[in-house]
Amino acid sequence: MPKISVIVPVYNVEQYLGVCIDSILAQTFADMEIICVDDGSTDRSPKILDDYAARDPRVRVIHRDNRGYGQSLNVGMDAAAGEYIGIVESDDRILPDMYEKLYTAAKGHDLDFVKSDCVFWWDSLAYSYDYHRKDLDEYYDRVLDVSQREIYFRFFMNIWTGIYKKDFLDRNRIRCNETPGASYQDNGFWIQTMSLAERAMWLSEAFYLYRQDNPGASVKSKSKALAMKEEFDFVEKILEEKHRQKELDICRYFRMFRHKGTFIRISDELKRDYCEEIIRDFAKYKELTKQNKEVYEWLRRMCEAPDRFCGEFIRMKAAALGRLEGAEQIIIYGAGNCGQRVLRILSHQGMGDKIICFAVSDQTASGSVGIIPVCCIDGLTEYRERAVVVIGAAEQSKIYRQMKQRLEELNFLHTLNLCMLTDYFYFLV
């Protein structure tokens, strides 16, 4: 019996699949099996998988008709022989010591699961962003038990940065929703594991590289407005049957929290109808939402005047998008945290190739962020008529006022504030 079974759900990822499988085979932890579930791929993915299986006995391939992500994971979990189960998305990759360190922690502390931080990764930009919750530093690298369950839900939502004890999954009948054609079926699995685990740990290291520049990723879908609703209906029913009221309330809070992101992400023509789902949920769960003032106020404003809210949102987003799409080039003013957030949002919108540089006020500026150079704003005046400058600073801050003044002195004609991106475009980090 292998110590770890790594499940890789696969669907039409020939461009990225080799990098993913190579990273798993390169693990310093060798006692594992790799179960690749081919969900009816129509590209070269099936052949690539079969070639790996022929070369390495640890690789097992299950070919099946297309039935969706959730069922692919369930098939993999049912077939797994390992003591622990890991999950790797087929367009991502992992660092060599990931499973060795996760397994050592899981066995040493008898954990239901152990997870780690992750790295948001843009291969095309040679750029990465290490995601770490500094406000949770006191909870990293220590066993968290049921008395600290609310802390579980504060870590980054994902199902693939860790390993899960198979007995824990089987004993609690934790599996994915299998709604055909649905998306975001990792959400229900995540909520179940957070709700039912009795001993867990988050390591402060990051081993998992989460690809952000795959245009086919489900997180970039602008359709399937009700997929998230179906996912929460699925997991809420499970928690109700298990009489887990505290966890059910947390789940319903996340249901409301996710509404904002779903509204922003889906196509504009779906937004008004989706408001009716939000209005129904807000009437039932608004008290649970008050713990997050920002989200509560956003939901309240939308529910009070959905027609006006949608109309204004769509107009403002279209105005920002029109300016960005109409620009020959984009300059990001500020190369710190806010400036790099601009980079991540623009890349998510498919505009990374328009960015010519990060601009800063320092006249001795040099270097780069990934493949994008860092330059002094004073030397970029040749672009002042044809480039949009996105100001990477909070609008109420002193540095924003200084940057705005400098752009006016240099006669840059087209500027855009950070909030015009963060308020109207979907992004994860």
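Listing for the model above:
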| item | result |
| --- | --- |
| Filter result for VAL389 (in contact with a helix residue (DSSP H, G or I) (Cβ under 8 Å, 6 or more places away or on another chain), within 14 Å of VAL342 (Cβ to Cβ), part of a strand (DSSP E or B) and modelled with pLDDT of 95 or more) | yes |
| Criterion violated by ILE399 - all others in (1) within 28 Å of ARG133 (Cα to Cα); (2) open to solvent by 70 Å² or more (accessible area, probe 1.4 Å); (3) not in a helix (DSSP H, G or I) satisfied | (3) |
| Qualifying residue in the stretch 272-285 (condition: assigned to a helix (DSSP H, G or I), closer than 24 Å to ASN417 by Cβ and either out of contact with any helix residue (DSSP H, G or I) (no Cβ under 9 Å at 6 or more places or on another chain) or at pLDDT 95 or above (or both)) | no |
| In the stretch 154-208, the residues that are surrounded by fewer than 19 Cβ atoms within 10 Å (Cβ to Cβ), within 25 Å of VAL119 (Cα to Cα) and among the acidic types (Asp, Glu) | GLU205 |
| Flag if CYS303 is of a type in the set (A, V, I, L, M, F, W, C), open to solvent by 40 Å² or more (accessible area, probe 1.4 Å) and out of contact with any strand residue (DSSP E or B) (no Cβ under 8 Å at 6 or more places or on another chain) | no |
| Members of the stretch 331-351 found to be touching a strand residue (DSSP E or B) at 6+ places or on another chain (Cβ under 8 Å) and either assigned to a helix (DSSP H, G or I) or surrounded by 20 or more Cβ atoms within 10 Å (Cβ to Cβ) (or both), listed by number | ILE331, ILE332, TYR333, GLY334, ALA335, GLY339, GLN340, VAL342, LEU343, ARG344, LEU346, SER347 |
| In the stretch 198-215, the residues that are aliphatic (A, V, I, L, M) and over 16 Å from GLU138 (Cβ atoms) | ALA206, LEU209 |
| Test: residue in the stretch 258-268 that is open to solvent by 20 Å² or more (accessible area, probe 1.4 Å), within 24 Å of GLY162 (Cα to Cα) and either without any contact (Cβ under 8 Å) to a residue 24 or more places away in the chain or touching a Ser or Thr at 6+ places or on another chain (Cβ under 6 Å) (or both) | no |
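Per-residue answers, yes or no, for (1) within 25 Å of ARG344 (Cβ to Cβ); (2) open to solvent by 20 Å² or more (accessible area, probe 1.4 Å):
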{"site": "GLU236", "(1), (2)": "no, no"}
{"site": "LEU248", "(1), (2)": "no, no"}
{"site": "ILE279", "(1), (2)": "no, yes"}
{"site": "ALA283", "(1), (2)": "no, yes"}
{"site": "GLU287", "(1), (2)": "no, yes"}
{"site": "GLU294", "(1), (2)": "yes, yes"}
{"site": "ALA319", "(1), (2)": "yes, yes"}
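Let's see how each residue does on (1) modelled with pLDDT of 95 or more; (2) buried (at least 23 other Cβ atoms within 10 Å of the Cβ); (3) in a strand (DSSP E or B); (4) of a type outside the set (Gly, Ala, Ser):
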| residue | (1), (2), (3), (4) |
| --- | --- |
| ILE85 | yes, yes, yes, yes |
| TYR103 | yes, no, no, yes |
| LYS107 | yes, no, no, yes |
| ASP117 | yes, no, yes, yes |
| SER128 | yes, no, yes, no |
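The values are calculated or read from the model by the stated rules, or taken from the named source; none is laboratory data. Nothing here was measured: the structure is a model prediction, and the numbers come from that model. Positions of Cβ are backbone-derived with ideal geometry, glycine not excepted, and every protein chain shown enters the neighbour counts. For accessibility, only protein heavy atoms count, side chains too; no ligands or nucleic acids. Shrake-Rupley method; radii C 1.70, N 1.55, O 1.52, S 1.80 Å.
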